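**Q** My questions will all concern the structure given below.
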Amino acid sequence: AWYVPCLASLETLQELCRKENLTCKSIGITNRSLKSYEVEYLCDYKVEEGKAYYLVKWKGWPESSNTWEPQKHLNCPLLIQNFLRDKNEYLSRRREGKAMKGRNHVKTLKPAIADYIVKKAKQRIALQRWKEELNRKKNHRAMILVENTVDLEGPPLDFYYINEYKPAPGINVLNGITTGCECADCPAEKCCPKEAGFILAYNKHKKLKIQPGLPIYECNSYCRCGPDCPNRIVQKGTPYSLCIFRTNNGRGWGVKTLQKIKTNSFVMEYVGEVITSEEAERRGQLYDNQGNTYLFDLDYDSDEFTVDAARYGNVSHFVNHSCDPNLQVFNVFIDNLDLRLPRIALFSTRTIKAGEELTFDYQMKGSIDLTSDSAEGLSPSKKRIRTVCKCGAMCCRGYLN
């Protein structure tokens with residue numbers, strides 16, 4: 001499905017809802033907010049006749065309904081804390097002077113400071129809503145957090161979270177499975193990997209034990225074994241809580257783990273829209289002009305198909321490149337044995353500490369070709385422009401391509 005962004009502002013939608021007495025949770029209009037006032041964020045600050053006042057944006061009400069309220073009447077310590085932190089952050093970055101003095105000895109903030117505080121508050125709300133949306137749509141237990149302490153960038157406007165491949169018309173990503181193993185306790189002599197001519201990919205601790213380049217064959221929906229089978233790892237989804245965060249060195253968004261990850265552990269799957277290589281070439285030319293695209297060639301057996309994660313994807317959409325990565329790409333087959341359409345799984349190459357950024361090498365075999373003007377952009381290898389690498393690794397090659 002293709003989506004069209006709403007052209008009406010949040011304020012306009014709130015006014016329409018109130019006029020028609022309608023509720024809409026996604027824009028802050030609930031039965032409670034229709035009849036009451038709740039502070040959404042604080043817009044400005046002044047001191048008048050020795051009393052402190054805040055300009056309040058009421059939740060579910062348009063900005064035209066903002067009012068000045070004395071601090072002693074406000075019961076929102078966290079919002080006041082956010083306001084003061086945003087103000088101090090702006091002042092420390094810009095090295096601005098003291099507050100302005102108006103008429104009747106009224107002290108007010110400079111307009112630029114108040115404007116920054118409002119933008120930061122709106123960003124905080126937008127990122128919170130995005131985080132809630134991501135966690136509603138994910139199909140795994142681990143949490144997804146969102147964090148931006150670097151700039152005023154909000155959620156991507158044209159990105160839709162999916163949990164599995166989204167095939168283009170005419171492409172079948174569920175093909176080739178008609179039977180499964182009969183193991184009562186996997187792995188047995190006739191388990192799925194051995195039937196395919198390979199060894200089991202995992203050890204008894206459910207950690208990867210095969211070398212890069214070898215495929216992973218997991219038990220499928222026809223198999224006799226249950227959900228606790230040691231050969232069902234990738235299909236269960238991301239087991240770690242992750243954070244999509246804004247990088248501070250111009251690499252856009254990145255992903256960091258919130259938990260320790262042991263060596264050879266499954267971390268996440270790379271998903272997106274599955275298209276033909278011909279369509280990938282066409283889109284790649286358009287994406288090059290925009291400077292932003294994510295194309296991943298499925299070249300385990302041939303180069304017939306490509307995964308495009310530009311508009312549809314999961315957390316892996318935001319994982320950055322590194323010349324010294326901590327993730328490795330593996331091809332996985334579960335409910336589809338078509339060698340042209342492997343699933344792409346990312347496993348840890350070493351122990352990864354909590355709070356550490358997750359990265360993989362875009363030039364890995366079966367990995368991504370990158371050719372945009374930022375680390376977020378990926379495109380076909382043909383007609384490429386050399387892109388400077390910002391990974392910061394000691395062994396950095398200097399360029400992403």
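Every read-out reported here was derived from the displayed coordinates using simple, explicitly stated rules and does not represent laboratory data. What you see is a predicted model; the values in this text were computed from it and never measured. Glycine gets a Cβ as well: all are built from the backbone with ideal geometry, and neighbour counts include every protein chain shown.
**Q** Give the angle, between 0 and 90 degrees and rounded to the nearest 10, that separates the Cα long axis of helix 77-94 from the longest principal axis of the Cα atoms of the chain.
**A** The angle comes out near 90 degrees.
**Q** Then there is this: Before anything else, pin down the relative contact order of the chain: Cα pairs under 8 Å, at least 6 apart, normalised by residue count, whole percent. It would help to have the intermediate numbers written out before the result.
**A** Details: 801 pairs, mean separation 50.6, N = 401.
Relative contact order for the chain comes out at 13 percent.
**Q** State which entries of Lys59/Lys166; Lys120/Lys256; Lys353/Lys390 exceed 29 angstrom in Cα-Cα distance in the structure shown.
**A** On the way: Lys59/Lys166 37 Å; Lys120/Lys256 22 Å; Lys353/Lys390 21 Å.
Table pairs above 29 Å Cα-Cα are Lys59/Lys166.
**Q** Within a Cβ distance under 13 Å of Asn21, other residues only, what is the Lys/Arg minus Asp/Glu net charge?
**A** Details: positive: Arg18, Lys19, Lys35; negative: Glu15, Glu20.
Summing Lys/Arg as +1 and Asp/Glu as -1 gives +1.
**Q** Straight-line reach from Lys206: which lysines have Cα under 18 Å away, leaving out those fewer than 8 places along the same chain?
**A** Output for Lys206: Lys194, Lys236, Lys260, Lys262.
**Q** Would you compute, from DSSP H runs of 4+ residues alone, the mean residue ellipticity of the chain at 222 nm, taking -39500 (n - 2.57) per run and dividing by the full residue count, rounded to the nearest 500? Mind showing how you got there, number by number?
**A** Details: 6 runs with 79 residues, N = 401.
Estimated from H runs of four or more residues: -6500 deg cm²/dmol.
**Q** Using only Cα atoms, tell me the angle between helix 111-137 and the longest principal axis of the chain; keep it within 0 to 90° and round to the nearest 10.
**A** 30
**Q** Using only Cα atoms, tell me the angle between helix 10-20 and the longest principal axis of the chain; keep it within 0 to 90° and round to the nearest 10.
**A** For helix 10-20, the angle is close to 70 degrees.
**Q** Still on this model: List the relative contact order of region 1-91 as a percent without decimals, with contacts defined as Cα pairs under 8 Å and 6+ residues apart. Numbers along the way, then the final one.
**A** On the way: 99 pairs, mean separation 19.1, N = 91.
Across region 1-91, relative contact order equals 21 percent.
**Q** For region 1-55, evaluate the Debye formula with one uniform point scatterer on each Cα (no solvent term) and list log10 I(q)/I(0) at q = 0.20, 0.21 Å⁻¹, rounded to two decimals.
**A** -0.84, -0.87
**Q** Counting Lys +1, Arg +1, Asp -1, Glu -1, what net charge surrounds Asp324 among other residues with beta carbon under 12 Å of its beta carbon?
**A** Surrounding charge for Asp324 is 0.
**Q** Would you please report the Å³ per residue occupied by the convex hull of the alpha carbon atoms in the chain? Could you put the intermediate results ahead of the total?
**A** On the way: hull volume 73.5 nm³, N = 401.
Spread over its residues, the Cα hull of the chain gives 183 Å³ apiece.
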